[in-house]
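A quick write-up on the structure given underneath.
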Amino acid sequence: MRRRSRIDARTTRHPGYAVSQVIRKMIETLFGDGKQHGGTIRQVKLRGLKKVSDVFTLAMLAVNLRRLPNLFAVQAATAGSG
């Protein structure tokens, strides 16, 4: 038996719901990459909002740096086809 969603059709019928699911997946992937590869945001060993914010910013910076080659490749492919 196929598992069904608890969210009814009144919500899922709108195009914005599908868009939000794509965005949610991307954000969750970024956070997962930050936890897995950065390692520093999995369990923060610092105290204070400023220090934790700095660690998080550096972890997300590292994730974005890892994504740059793929982003440039997609940008180049779309620029060449248009």
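The values are calculated or read from the model by the stated rules, or taken from the named source; none is laboratory data. All of these numbers come straight from a predicted model, not from anything done at the bench. Neighbour counts are summed over all protein chains in view; Cβ atoms, including those assigned to glycine, are modelled from backbone coordinates with ideal geometry.
Key figures
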read-out: Any hit, segment 2-10, residues being within 22 Å of the chain's Cα centre (by Cα) and free of Cβ contacts under 8 Å to residues at least 40 places away in the same chain; value: no
read-out: Pair list, Cβ < 9 Å and 6+ apart or interchain, from segment 18-43 residues that are under 18 Å from LEU61 (Cα atoms) to residues that are of a type in the set (Lys, Arg) and surrounded by fewer than 11 Cβ atoms within 10 Å (Cβ to Cβ); value: GLY34/ARG42; LYS35/ARG42; GLN36/ARG42
read-out: Total residues in segment 11-60, condition of a type in the set (Lys, Arg), modelled with pLDDT of 85 or more and within 12 Å of the chain's Cα centre (by Cα); value: 2
read-out: Where a residue in segment 46-74 is without any contact (Cβ under 8 Å) to a residue 24 or more places away in the chain and more than 18 Å from MET26 (Cβ to Cβ) and its partner, wherever it lies, is part of a helix (DSSP H, G or I) and of a type in the set (D, E, K, R), with Cβ under 9 Å and at least six apart; value: LEU46/ASP54
